[in-house]
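The values are calculated or read from the model by the stated rules, or taken from the named source; none is laboratory data. Keep in mind it's a predicted model, so treat the numbers as computed, not measured. For neighbour counting, all protein chains shown are included, and Cβ atoms are generated from backbone atoms with ideal geometry for every residue, glycine included. Side chains included, ligands, DNA and RNA excluded: accessible areas come from the protein's heavy atoms. Shrake-Rupley method; radii C 1.70, N 1.55, O 1.52, S 1.80 Å.
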Amino acid sequence: LGRELPLNTVLQLVPARTVDALEEGSVITVSAGQEQSVRLARHLQAPAIAARIPYNRSRELWSELSRVVDFRTLTGSAAAGLAEWSLTCGVVLEPWVALPAARWANHIGDSRAALRFAQALPAHGRPLAVILEEADALRAEGQHARAHRVLATAGDTFAEEKDASEELRLRSLTSRAVTAAISQSGEDP
């Protein structure tokens, strides 16, 4: 349901011998390296499995997982998987889940997923970094005028967000200027 999870999180949910048995049975794969993650084996179709799990059980599993996972340390892929699962369970995304999920989705070229994650947060109080991911996804969809409107209305967030880095502020100003120029040139459908 969550696409991938850090191995240390999985080990908090199930015994190590179960993880070993699932890996030996080619049900899961455990990546090598310092930050090991656990995924279903490639031959298993996660969406098909997820579709067979009733909504209430899915929500129960999400609640169990959310007690042990540190959402702030997830990879982009894991954050996107958990964000998607959260939305299907009716769980409101937190900014620290929506941001890496939207960033990862934009990075792999899935602008629709990036929009879904970014726009899952309430418009008022949406962090500047999330707004920038939303604007990037809109531009990738060819919606330059809409991206410009999103950035223009983010002016309040820009002024209020005290912890926004200078790099983030500069990226916001640059994106706003670029989208204004493109949308004014009439390239937007």
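If you take the residues of the stretch 156-184 that are of a type in the set (Gly, Ala, Ser), loosely packed, with under 13 Cβ neighbours inside 10 Å and modelled with pLDDT of 65 or more, which of them is farthest from Ala114 (Cα to Cα)? The residue in question is Ala181. Elements of the type helices (runs of 4 or more DSSP H) sitting completely within the stretch 1-116 and holding at least 3 residues that are open to solvent by 50 Å² or more (accessible area, probe 1.4 Å) and more than 19 Å from Glu134 (Cα to Cα): these cover 7-13, 16-24, 46-51, 55-68.
Across the stretch 117-140, the qualifying residues are those that are open to solvent by 60 Å² or more (accessible area, probe 1.4 Å) and not small (Gly, Ala, Ser), and the one among them that is modelled with the highest pLDDT is Gln119. Tallying residues that are within 21 Å of Trp85 (Cβ to Cβ) and polar (S, T, N, Q) within the stretch 111-143 yields 2. Restricting Glu94, Glu60, Glu23, Glu64 to those that are in contact with a strand residue (DSSP E or B) (Cβ under 7 Å, 6 or more places away or on another chain), at pLDDT below 95 and of a type outside the set (Gly, Ala, Ser) reduces the list to Glu23.
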